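**Student:** This is the structure, below, for whatever I ask next.
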Amino acid sequence: MSIDIALLAEFSDGSPSRSALELAAGAAELARQSGGAAVALAYGPGATGAASLGAAGAARAVVLGDGAAPAVTHAMAASAAVRELAPLAVLAPATPNGRDLAAALVGLLGLPAFGPVRAVRIEGGRVRTEQATLQGTVITVSEPAEGAPEPAIVLLLPSTFTPIEGGSGSAAVAQAPDSQPGAFGTVRIVESHPAEAAVANLEEATIIVAGGRGVGSAEGFAPLRELAAVLGGAVGASRAAADAGWVPYQLQIGQTGKVVKPALYVGCGISGAIQHRVGMQTAENVLAINKDPDAPIGEFADLFVVGDLFIIVPKLTAEIRRRKGI
Amino acid sequence: MKLVVCLKQVPATTAEKRYTADLRLDRAAAEAVINPLDEYAIEQALRLQESGAVDAVSFLSMGPEQSAEALRRALAMGGDDATLVTDPALAGADAWATARVLAAALDRLAPDVALMGMASDDARGSLVPGAVAAIRGVPLLSYGSELRIEGSMARVRRLTASGFNVVEAPLPVVASVTDQVGEPRYASLKGIMAAKRKPMETWSLADLGLSAADLRGAALTRVIEARKPEAKPPTERVENMSPDEAVTRIVDWLAARKLVS
Ligand SMILES: Cc1cc2nc3c(=O)[nH]c(=O)nc-3n(C[C@H](O)[C@H](O)[C@H](O)COP(=O)(O)OP(=O)(O)OC[C@H]3O[C@@H](n4cnc5c(N)ncnc54)[C@H](O)[C@@H]3O)c2cc1C
Ligand SMILES: Nc1ncnc2c1ncn2[C@@H]1O[C@H](COP(=O)(O)O)[C@@H](O)[C@H]1O
């Protein structure tokens, strides 16, 4: 019977991504429940240094490929590794790259797939997942059907697990079994256009100040940036603000943007459309500032302030500074 | 150059949704629409056809018989013909079974590009495009904010952590596009009339040379419980106050939650 828990661990710029650290912690937790070991399937620039994932919770690591090739080019190596390891579950980040690899595994190996899920555990040797469906109106608990092949492929939302701090140890590293890259190996990056200015990774932010159409312009984001700075947070946006070109698309929160789970989300000039809501509804605390008393966000915010963001936000920044004495 | 858009009929985002006794979505109870993200794939396909990069645009859907309505609506936006794969054995199909069936149908249709949306509103896995590519043994170009065809290559623009890449693969490919490709067009009255005369075929599993056994019961997963999310405490409203009073209330609220010191 399979008991090990595998995870897809993406590396970039020589170090494990945030999702790899979260999933290593998650796989370690599930491995304790199943009595097995957490095994990282590492890919991307720096993946040969996967031994470092030992401190993050992985007992072993298999290197699928180093280098900056598109994640999906590692699909055949991932499939060969999964066949050899025969784990109970493979945890994948619900990111575009994570989903591409997970999807390839589902297709290549004919596996049950779950998610994106907000919780997963092993109960009596079975994988159980918890998922918010139908725009968050229903929570479903699912498991592999009787007799379904293993492993279960589980897509995890960001921040479902918290990276292990101050861990130690190193993972035993092995190369993936030989495989032909096949059709997926023909996918190539032909142009790379990095942004001129650094863009925050919203999935790592514990505080997010998000702006929407009500912010009115790119310049309108300046007071939001100042508030984010005094709170120690990052700036996010609705699709309307990203579509208008006021901020880069990487800052979009929602169904087709990032799914975030910060300790505090502050929505400024955002109406709270369902497609936005599904990206931020698991924030621990939601503060909304909107001049329309009937804005839908007023129905699910924890604190709903009816007012003009251009008056409230600068005053709020000033008051926080005053109380902090800065 | 032939392109097939795969689209799914889903309950409308705003429609009231219900679960049946066996915890499946009660599709009959909800208003059905084309999966909103698939409309962007349709839009991308029609733009490629209009620019001359693609000659023929077909639509393919797997689902209950009423999914023919979604295909008819797509045909009203444009394109040439449509195929519906429908079979009682497909009820409750999961990502793998869906991909297996779509892959078999695409083997028949043999397009240069099979184009999909980035996710379905109900399943939300974004797994079908990659799984179809894997089953068919063709490259995957996913999450394109634009799709182009250049000679024997397909290319997508894809967001990265801070900017974007251009990613390419040789045809035939499976591709998926995001909602950044451009707003989907509305069907015109003329389009709706024209759609009535466009050919639509219906295939069963047997027509594809597949049996219910090949699909291992349509789903490798099962829902064992469905419930309402935990109720949140009611919203505290701050209104009819001066801006200074409102700000004091906000900072007290933040401090009580240890979000500011
Ligand atoms: C397939 C699909 C996917 C989508 N995905 C996403 C997604 O991922 N993320 C996303 O955000 N949206 C997404 N959308 C779009 C979504 O439906 C909404 O259109 C969008 O979220 C609206 O953005 P908004 O709230 O900024 O703008 P609006 O809905 O226009 O709201 C602006 C708000 O600002 C308020 N306002 C104006 N001026 C001020 C002021 N001075 N002070 C205070 N308040 C003010 C107004 O009262 C209003 O409530 C998607 C839509 C579709 C169809
Ligand atoms: N039953 C279906 N019929 C046709 N296309 C589908 C079906 N299910 C999914 N797709 C396609 O796959 C994409 C991703 O769906 P999903 O993997 O369910 O999130 C959708 O946007 C559609 O283009």
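Bear in mind these aren't lab numbers, they're just calculated from the coordinates by the rules spelled out. Predicted, not measured: the structure shown is a model, and the values here were computed from it. All Cβ positions, even for glycine, are placed from backbone atoms using ideal geometry, and neighbour counts span all protein chains on display.
**Student:** With Rg and the Kirkwood Rh both taken from Cα atoms, where does Rg over Rh land for region A:81-189?
**Tutor:** Rg/Rh: 0.99.
**Student:** When a/c is below 1.5 the answer is rounded, else prolate if a/b is larger than b/c, else oblate, so apply that to region A:216-265 with a ≥ b ≥ c taken from the square roots of the Cα gyration tensor eigenvalues.
**Tutor:** In terms of gyration-tensor shape, oblate.
**Student:** Tell me, what is the FRET efficiency for B:R197 and B:E245 to the nearest 0.05, using R0 = 60 angstrom and their Cβ-Cβ distance as r?
**Tutor:** 0.40
**Student:** At q = 0.19, 0.21, 0.30 Å⁻¹, work out log10 I(q)/I(0) for region A:235-286 with the Debye formula, treating every Cα as an identical point scatterer and leaving solvent out; two decimals please.
**Tutor:** Scattering profile of region A:235-286, log10 relative to I(0): -0.53, -0.65, -1.29.
**Student:** Along the Cα→Cβ direction, 7 angstrom out, place labels at A:A68 and B:R148. What is the inter-label distance in nm?
**Tutor:** Result for the modelled spin labels: 2.0 nm.
**Student:** So how do A:I326, A:I208 line up by other beta-carbon neighbours within 10 Å, fewest first?
**Tutor:** A:I326, A:I208
**Student:** Can you give the relative contact order of region A:233-296 as a percent, counting alpha carbon pairs under 8 Å and 6+ residues apart?
**Tutor:** Averaging sequence separation for qualifying contacts and normalising by length gives 29 percent for region A:233-296.
**Student:** Shifting gears a bit: Along the three principal axes, how long is region A:1-125 when you take its alpha carbons, biggest first, rounded to the nearest angstrom?
**Tutor:** Principal extents (Cα only, largest first): 40, 32, 27 Å.
**Student:** Here's a follow-up. Tell me the Kirkwood hydrodynamic radius of region B:71-179 in angstroms, computed as one over the mean inverse distance between distinct C-alpha pairs.
**Tutor:** 14.9 Å
**Student:** Label region A:162-214 by shape, choosing from rounded, prolate and oblate, from the square roots a ≥ b ≥ c of the eigenvalues of the Cα gyration tensor; if a/c is under 1.5 it is rounded, and otherwise prolate applies when a/b is larger than b/c, oblate when it is not.
**Tutor:** oblate
**Student:** Hey, fewest Cβ within 10 Å first, where do A:F161, A:F114, B:F164 land in order?
**Tutor:** With the fewest neighbours first, A:F161, A:F114, B:F164 line up as B:F164, A:F161, A:F114.
**Student:** Something else: How large is log10 I(q)/I(0) at q = 0.17, 0.19, 0.23 Å⁻¹ when the Debye formula is applied to the Cα atoms of region A:203-326, each weighted equally and without solvent?
**Tutor:** Rounded to two decimals, the profile gives -0.76, -0.97, -1.47.
**Student:** Working from the pairwise distances between different alpha carbons, so that the mean of 1/r is found and then inverted, what is region B:145-261's Kirkwood radius in Å?
**Tutor:** This gives a value of 22.6 Å.
**Student:** What span do the alpha-carbon atoms of region B:36-101 cover on each of the three principal axes, reported in whole Å from largest to smallest?
**Tutor:** 40, 22, 20
**Student:** If you take the C-alpha gyration tensor of chain B, multiply each eigenvalue by 5 and take the square root, what semi-axes do you get, largest first, in whole Å?
**Tutor:** With the √(5λ) rule applied to chain B, the semi-axes are 38, 25, 20 Å.
**Student:** So, one more: Compute for region A:105-161: radius of gyration divided by Kirkwood radius, i.e. Rg/Rh, restricted to C-alpha atoms, rounded to two decimals.
**Tutor:** Radius of gyration relative to Kirkwood radius: 0.97.
**Student:** Compute and list, largest first, the equivalent-ellipsoid semi-axes of region A:49-110 from the alpha carbon gyration tensor, each √(5λ) rounded to a whole angstrom.
**Tutor:** Output for region A:49-110: semi-axes of 18, 15, 12 Å.
**Student:** For chain B, calculate the relative contact order in percent as a whole number, restricting contacts to Cα pairs under 8 Å that are 6 or more residues apart.
**Tutor:** The value is 22 percent.
**Student:** Please get the size of the charge dipole for region A:204-293, origin at its Cα centre, with Cβ charges of +1 on Lys and Arg and -1 on Asp and Glu, quoted in debye to the nearest 20.
**Tutor:** About 160 debye.
**Student:** How big is the equivalent ellipsoid of chain A along its three axes, where each semi-axis is √(5λ) from the Cα gyration tensor, reported in whole Å from largest to smallest?
**Tutor:** Working from the Cα gyration tensor, I get semi-axes of 38, 21, 18 Å.
**Student:** In terms of the ratio Rg/(2.2 N^0.38 Å) built on C-alpha atoms, what value belongs to region A:183-271?
**Tutor:** Taking the Cα Rg and dividing by 2.2 N^0.38 Å, one obtains 1.20.
**Student:** Ratio of the protein assembly as shown's C-alpha Rg to 2.2 N^0.38 Å, to two decimals?
**Tutor:** 0.96
**Student:** By what distance, in whole Å, do the Cα atoms of region B:192-261 stretch along each of the three principal axes, largest value first?
**Tutor:** 70, 42, 21
**Student:** Could you work out the Rg to Rh ratio of region A:130-190, with Rh taken as the Kirkwood radius (inverse of the mean 1/r over all Cα pairs)?
**Tutor:** Answer for region A:130-190: 1.08.
**Student:** Just the Cα atoms of region A:63-142: what Rg and Dmax do they give in Å?
**Tutor:** For region A:63-142, the Cα radius of gyration and maximum Cα-Cα distance read 14.0, 41 Å.
**Student:** Quick check on the exposure proxy: order B:V138, A:V72 from fewest to most C-beta atoms within 10 angstrom.
**Tutor:** B:V138, A:V72
**Student:** Got a sec? Charge dipole of the protein assembly as shown, +1 on Cβ for Lys and Arg, -1 for Asp and Glu; which of A:V259, B:L75, B:A123 is way out at the positive end?
**Tutor:** Among A:V259, B:L75, B:A123, the one farthest towards the positive end of the dipole of the protein assembly as shown is A:V259.
**Student:** In the structure displayed, which of A:K261/B:K8; A:K291/A:K324; A:K261/B:K2; A:K261/A:K324 lie more than 32 Å apart, Cα to Cα?
**Tutor:** Beyond 32 Å between Cα atoms: A:K261/B:K2.
**Student:** Give the calculated FRET efficiency between B:S204 and B:K2 to the nearest 0.05, with a Förster radius of 22 Å applied to their Cβ-Cβ distance.
**Tutor:** Once the sixth-power term is evaluated, E becomes 0.40.
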